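Participant: I have a structure here, written as structure tokens, and I will follow up with some questions on it.
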Amino acid sequence: MIEGEPSPIPPHGIWVGYQPVLKRLFPSIDFTFTHPEEILIAANRDHVVIAGRDRWNPDRLNVRGRDVEIHGKQFEYGTVNAVYTFLQDYLDVRWLWPGELGEDIVP
């Protein structure tokens, strides 16, 4: 797992979330994400991208809930929805929540 743009770019990779280098690796794909929580799953010969529209207010990343403070609050979670879709559509795994009870693996 690499955060940020690696140098050099690996010959093969699975990219989770949008990175500017994806425009070079997938020149025919539009990464503007104009629809709420839009997702994108694409592949070429060497790379896979799993990404989506994520939105947040940098001034409101930490908010106080009823019983707990929430860190990293977002308004839209497109990338995580893309990951869940990839797991379900391509790997036959439904991931509902952390832990064994939240996993549903189709035999």
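The values are calculated or read from the model by the stated rules, or taken from the named source; none is laboratory data. Because the structure is a prediction, the values reported are computed rather than measured. Every residue, glycine as well, gets a Cβ built from its backbone with ideal geometry; the counts of neighbours run over all protein chains shown.
Participant: Filtering segment 39-61 down to residues that are surrounded by fewer than 17 Cβ atoms within 10 Å (Cβ to Cβ) and acidic (Asp, Glu), which residue is modelled with the highest pLDDT?
Facilitator: Looking at the filtered set, the residue picked out is Asp46.
Participant: Let me ask something else about it. Scanning segment 85-107 for residues that are charged (D, E, K, R) and over 19 Å from the mean Cα position of the chain (by Cα), which turns out modelled with the highest pLDDT?
Facilitator: The extreme case among them is Glu100.
Okay, residues lined up against (1) over 16 Å from the mean Cα position of the chain (by Cα); (2) of a type in the set (S, T, N, Q):
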| site | (1), (2) |
| --- | --- |
| Gln19 | no, yes |
| Phe26 | yes, no |
| Ile39 | no, no |
| Arg45 | yes, no |
| Val48 | no, no |
| Lys73 | no, no |
| Tyr77 | no, no |
| Val83 | no, no |
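Participant: Follow-up question, since we're still on this one. Checking the structure you have, find out if any residue of segment 80-100 is of a type outside the set (D, E, K, R) and part of a strand (DSSP E or B).
Facilitator: yes
Participant: Name the residues in segment 15-29 that are surrounded by 12 or more Cβ atoms within 10 Å (Cβ to Cβ) and without any contact (Cβ under 8 Å) to a residue 40 or more places away in the chain, would you?
Facilitator: Listed by number, the residues that qualify are Trp15, Gln19, Val21, Leu22, Lys23, Leu25, Phe26, Ile29.
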